Structure formats: C-alpha cells, structure tokens
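The values are calculated or read from the model by the stated rules, or taken from the named source; none is laboratory data. All values derive from a computational prediction rather than experimental measurement. FYI the Cβ positions are ideal-geometry reconstructions off the backbone, even for glycines, and counts take in every protein chain you see. SASA here: full protein model, heavy atoms, side chains in, ligands and nucleic acids out. Shrake-Rupley method; radii C 1.70, N 1.55, O 1.52, S 1.80 Å.
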Amino acid sequence: MIEIIKADGQAERIRIAAMRARAAQVGADIERAVSAVMEEVKARGYEAVKEYSLKFDHREPYELTTGDLEAAYDRCPKNLIAALEHAAANIRDYNEKLLVRSQEWTSPDGGVVGRVVRGLSRVGIYVPGGTAAYPSSVLMNAVPAKVAGVGEIVMVTPPTENLSDAVLAAAKIAGVDRCIAVGGAQAVAALTYGAGFIPKVDKLVGPGNAFVATAKRMAYGALDIDMVAGPSEVLVIADETAEAKFVAADLLSQAEHDKLASAVLLTSSMELARAVDAEIIRQTGYLSRSEIMECSLRDFGCAIVCDSLNDCAALANEIAPEHLEIVTADPRALLPKIENAGAVFLGSWSPEPLGDYLAGPDHVLPTSGTARFFSPLSVDSFLKTMSIIQYDRESLDPIKDQIITLAEAEKLTAHANSIRVRFEEEGV
C-alpha cells in the first residue's frame, strides 16, 4: 500500500525531504573504517589489500585469465548470451552515435584553434558481488568505455559465490581487458594508488555498497569517478489514461531493489492513484521480494495528486529523479517541461526495466536529486579533451597589444613580455 497525498505545497515537500535524506545514511563508523583502508593501502600497497581481502572475503585477490572468461561464456545458457550480446550491441550503437570527434577551425583572428579528443588511458570498473550478480552493469560500464577508445579496462569484483558466469561472460562480450577478483574499499584503494599487480587507474566507475561508495568519494581527486550513487528511484507522471497495473508494476520494479529505494507516482487523477494502490497490493502478493517492496513503499513511496500535469512536471523537476516515466495520453507534449531527470521513458510501452537492460542508453544515472547537475554515464564519461592553439606571426600581430594590455592589467609582466619580445627588432 502507498500513501496517497493531495498536493498542497507542504505535504509533498515533507515527503521529498525524506527521500533525499535517505541518501545520506552513511554512518561515521563507515567513514572511519573506509578512511583507514584507504590510508593503509596508500602506505603499504598490496600487503594491505591482501590483509583486508582475507579479512572480509576470506580469499587473497587473484586475476582471472582469458580462458576463465571464455569458459564462463560457454557455460551460460544460449538465451542469456543472446540477450547480453543484443544489449551490448544496442549500448555500442547508442554510444557510437554520441561519440564526439577531434576538430580544428580558423578563429576570427586568423589562427587555428580546436580540440583533440582522446579516450582515457586506463579505467576501472567495480562490479558488486554481494546478494546478486549484475552482468548488465558490466555492459553498461564497459561498452561505452570501449567505444571511447579507453586503452585498458580493468574490472574488479569480489571473490565470492556471486563471481558468476553471467558477469564473466558479460566482461568477455564487452571487451574487458583484465578481470581481478578483489572487492570492497580495498579494491577502490588499490585502483586509486596502485597495489602490486592491481594497477592505478584514471577513472573508476560502477555501483557498490556503502563502503565502496564512500571509498569512491574519498578517492575522487586522485582519480575521477562516475558519481556517488544513492538508492534507486523511479517517478511516474500519469494521467487518467494510464493503465493502473502497468504503473503499479513499474513502481514495484524499483521498490524491489532495496528498502531505501523510492517509487513515487505524480498524477492528476485521484481515481488512478487509488487504482494503482490497489494494484500494488495485488501484485505484491505474488512477487518474490514483497518484504523489501513493502518497506520501500512505506518509507519512501507515495502517490501525489496534483491539480494538473504541468504541476506534476514542476514537482518532478524539483525531485529530479533517477528514472522518470511519463505515462499520459501525449507523453511527448510534457517532455519540453522536464528539466531534471536521469532518464526519461515515454509512454506505456517504455517501462524502466527496458532502460535497465536493453534499450542502449546507460542505466548508471544520477540519484537523490543530483540529476539537476549530473548526467548519465555515457561515452562522454570516458573521454578527455585537449585544446589546440596555433597562430603565426601574421595572426598574432594584430592582437598583440590587447594581450599585453590584459596581462599588465593583471600585473603579470612576464606574460606581457612573452608577447612583446616576439615583436622587438633585432638587437633591441
């Protein structure tokens, strides 16, 4: 059952505040523990990584071979391999169309300027190995990196029973270069500083538990990261034309992630809100993770009934959800009003799991309101650019005095001199 709220400017804001606060539930004990791991690995390298791995995973880190990945691929059911390869092809096609190229042009002053685009040299991908295995996350992180031209992709994942054939098969399909069985904060620290055979990377992407997320946040600056992701969330904007059972199913698909997940319906129809509530009760009765879904919906789910769809859009922009479904008679009519969302799904036949697995756009998305300023993971996330500037004497001469004027205004006389000496007469 979900709480149904009539929008009044106050009740929904209390709910939004509770949703955002859930992402900050990292205790001081986790901060201290992760800080200790990071410092130990920085100081002692692989020996510290090995000690923490033996303590938490009961196994020393090790590297899998190409043969290991190929054997896992062969053991997977053929229908699973077909689905993974289809997903990888769609992800590859989407990111190839987004890929920006190096370019140069003549500036208004007559010089040549431009930008060189390069893939990062080495990227790390963290793949969780806790209560479940996520081969889709391997594809969503590795395929865009491959399209970007990353020199080496290093995947790390805990050496547990969830080091599954599906995950390893996905690594093979995506073109992962190295796969190392190591997890937790110690894996993040190893990739940040380098530790033995575990190399230092330029960027680390991929989801993880609170320890991994905290370690990534602490590592930022020594390397780049994708984002510090919070609990999953979906927001559905629907009108009276929406099918209640579809909406309920989509809300539950996010609520089953964990007890901190958020699933919210914004609608202009009280009748639909009530019908969705009834469908949630019905469908929860036969789904396997009902206890998790019930906790999630009780604490962080609701249906908010607004006066109009425009009001729904305005509230959605304030929430800035990870996933936003628009299930209305004309979903594209509302799209221009949406400013903040990680991914937008249009219409009844574009459910959020389509984006999680197969459509092509990435499922690594900003959460907890950060869609106001963060973007989804994509090929862009694995690129860096360098500016190009090339002037000759003829193009520099007409603007030399302006450069000197600006440099002297900032009291940087050596800057001004760098320009001036080029135009001094011989022997001066």
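For helix 78-98, report the angle its Cα long axis makes with the longest principal axis of the Cα atoms of the chain; keep it between 0 and 90° and round to the nearest 10°.
40 degrees
List the chymotrypsin sites (Phe, Trp or Tyr not before Pro) within the range 319-428 that fall in a DSSP loop (any state other than H, G, I, E or B) and whose Cβ has at most 14 other Cβ atoms within 10 Å. Can you show the working numbers first?
Details: sites: Phe345, Trp349, Tyr357, Phe373, Phe374, Phe382, Tyr391, Phe423; in loops: Trp349, Phe373, Phe374, Tyr391.
Answer by residue number: Trp349, Phe373.
Express in % the proportion of alpha carbon pairs of the range 203-292 at distances exceeding 15 Å. Write out the running numbers ahead of the final one.
Details: 2579 of 4005 pairs.
That fraction is 64 percent.
With both bridge residues required to lie in the chain, what share of the DSSP beta bridges run antiparallel, to the nearest 5%?
Details: 16 of 54 bridges.
Bridges in the chain are about 30 percent antiparallel.
Using the Cα centre as the reference, give the magnitude of the dipole from point charges on the C-beta atoms of the range 35-151 (Lys, Arg: +1; Asp, Glu: -1; all else neutral), rounded to the nearest 20 debye. It would help to have the intermediate numbers written out before the result.
Values: 14 positive and 15 negative charges, 45 e Å.
In total the dipole reaches around 220 debye.
With the cut-off at 1.5 for a/c, could you classify the chain from its C-alpha gyration tensor as rounded, prolate or oblate? Please list the in-between numbers first.
Values: a/c = 1.96, a/b = 1.33, b/c = 1.47.
In terms of gyration-tensor shape, oblate.
Which percent of the accessible heavy-atom area of the range 181-250 goes to carbon and sulfur, probe 1.4 angstrom?
Working: 1120 of 2170 Å².
Carbon-and-sulfur percentage of accessible area, whole number: 52.
Let me check the size of the range 329-428 from its C-alpha atoms; what are the radius of gyration and Dmax in Å?
25.9, 79
Assign unit charges at the C-beta atoms only (+1 for Lys and Arg, -1 for Asp and Glu), then state the dipole size of the range 273-428 relative to its Cα centre in Debye, rounded to the nearest 20.
Numbers: 13 positive and 25 negative charges, 53 e Å.
With only Lys, Arg, Asp and Glu charged at Cβ, the dipole is about 260 debye.
Along each principal axis of its Cα atoms, how long is the range 27-91 end to end? Whole angstroms, biggest number first, please.
44, 28, 18
Can you give the longest stretch of the chain with no exposed loop site, where a site means GluC sites (Glu not before Pro) in a DSSP loop (not H, G, I, E or B) with at most 10 other C-beta atoms within 10 Å? All intermediate terms of the calculation are to be shown ahead of the outcome.
Values: sites that count: Glu161, Glu410, Glu424, Glu425, Glu426.
The segment 162-409 is the longest one with no such site.
Over the range 88-193, give the accessible area per residue in Å² for a 1.4 Å probe, as an integer. Can you show the working numbers first?
Numbers: 3740 Å² over 106 residues.
Accessible area per residue: 35 Å².
Give me the extension gain from Gln402 to Thr241: residue separation times 0.36 nm, minus the current Cα-Cα distance, reported in nm with one decimal. Can you show the working numbers first?
On the way: separation 161, 0.36 × 161 = 57.96 nm, distance 6.29 nm.
Using 0.36 nm per residue and subtracting the Cα-Cα distance, I get 51.7 nm.
From largest accessible area down, sort His257, His415; use a 1.4 Å probe on the protein chains. List each step's numbers first, then the result.
Numbers: His257 80, His415 115 Å².
Putting His257, His415 in descending order of accessible area: His415, His257.
Separation between the Glu70 and Asp380 pseudo-spin-labels, each 7 Å from Cα along Cα→Cβ, expressed in nm?
Computed distance between label sites Glu70 and Asp380 equals 3.9 nm.
Calculate, in whole percent, how much of the Cα-Cα pair population of the range 368-412 lies beyond 14 Å.
Numbers: 725 of 990 pairs.
Percent of Cα pairs beyond 14 Å in the range 368-412: 73.
In a GNM of the chain with a 10 Å cut-off on Cα contacts, which of Asp165, Asp202, Asp29 has the highest mean-square fluctuation?
Asp29
Would you mind checking Lys97/Lys337; Lys55/Lys259; Lys146/Lys384; Lys146/Lys172; Lys42/Lys172; Lys42/Lys384 for any pair whose Cα atoms are more than 22 angstrom apart?
Too far apart for the 22 Å limit: Lys97/Lys337; Lys55/Lys259; Lys42/Lys172; Lys42/Lys384.
Using the alpha-carbon centroid of each, what span in Å lies between the range 46-103 and the range 244-279?
The distance from the Cα centre of the range 46-103 to that of the range 244-279 comes to 33 Å.
Of Ile91, Ile403, Ile14, which is the most mobile in a GNM of the chain whose springs link Cα atoms less than 10 angstrom apart?
Ile403
Give me the percent relative contact order of the range 153-242, please, defined on Cα pairs under 8 angstrom at least 6 residues apart.
Computed value for the range 153-242: 22 percent relative contact order.
Under the rule a/c < 1.5 gives rounded, and otherwise a/b versus b/c splits prolate from oblate, where does the range 1-142 land using the Cα gyration tensor? Don't jump to the answer; show the numbers that get you there.
Numbers: a/c = 1.33, a/b = 1.06, b/c = 1.26.
Rounded is the answer for the range 1-142, as its axis ratio a/c remains below 1.5.
With point charges of +1 on the Cβ of Lys and Arg and -1 on the Cβ of Asp and Glu, referenced to the Cα centre of the range 1-92, which listed residue (Phe56, Met38, Ala28) lies farthest in the positive direction of the dipole?
Towards the positive end, the residue furthest out is Ala28.
Would you list the P(r) distribution for the range 133-207, with all Cα-Cα distances sorted into 10 Å bins from 0 and each bin expressed as a whole %?
19, 56, 25, 0
Return the equivalent ellipsoid semi-axes of the range 63-178 as a descending list in whole Å, where each equals the square root of 5 times an eigenvalue of the C-alpha gyration tensor. Working shown, then result.
Values: eigenvalues 247, 44, 23 Å².
Working through the eigenvalues yields semi-axes of 35, 15, 11 Å.
Compute the Cα gyration tensor for the range 263-368, then decide on rounded, prolate or oblate, letting a ≥ b ≥ c be the square roots of its eigenvalues: rounded whenever a/c is under 1.5, prolate when a/b is larger than b/c in the other cases, and oblate in all that remain.
Working: a/c = 1.60, a/b = 1.17, b/c = 1.37.
It comes out oblate by the Cα gyration axes.
Compute the long axis of helix 270-284 from its Cα atoms, compare it with the longest principal axis of the Cα atoms of the chain, and write down the angle in degrees, 0 to 90, nearest 10.
Compared with the principal axis, the helix lies near 80 degrees.
In the range 246-316, what chymotrypsin sites (Phe, Trp or Tyr not before Pro) fall in a loop by DSSP, with at most 16 other Cβ atoms inside 10 Å? Intermediate results must be reported in sequence, preceding the final value.
Details: sites: Phe246, Tyr286, Phe300; in loops: Tyr286.
Of the chymotrypsin sites (Phe, Trp or Tyr not before Pro), the ones in loops of the range 246-316 whose Cβ has at most 16 other Cβ atoms within 10 Å are Tyr286.
Rounding to the nearest 10 and keeping the result within 0 to 90°, find how far the Cα-based axis of helix 184-193 lies from the longest principal axis of the chain.
It works out to around 10 degrees.
Please state the relative contact order of the chain as a whole percent: Cα pairs under 8 Å, 6+ residues apart? Spell out each step's value before the answer.
Numbers: 847 pairs, mean separation 86.3, N = 428.
Relative CO of the chain lands at 20 percent.
Over the range 328-428, with every protein chain in place, what whole percent of the accessible area is carbon and sulfur at 1.4 Å, could you tell me? If you can, show how the numbers build up before the last one.
Numbers: 3430 of 6480 Å².
With neighbouring chains kept in place, the figure for the range 328-428 is 53 percent.
Alpha carbon centre of the range 133-212 versus the range 290-317: separation in Å?
With the range 133-212 and the range 290-317 each reduced to a Cα centre, they are spaced 34 Å.
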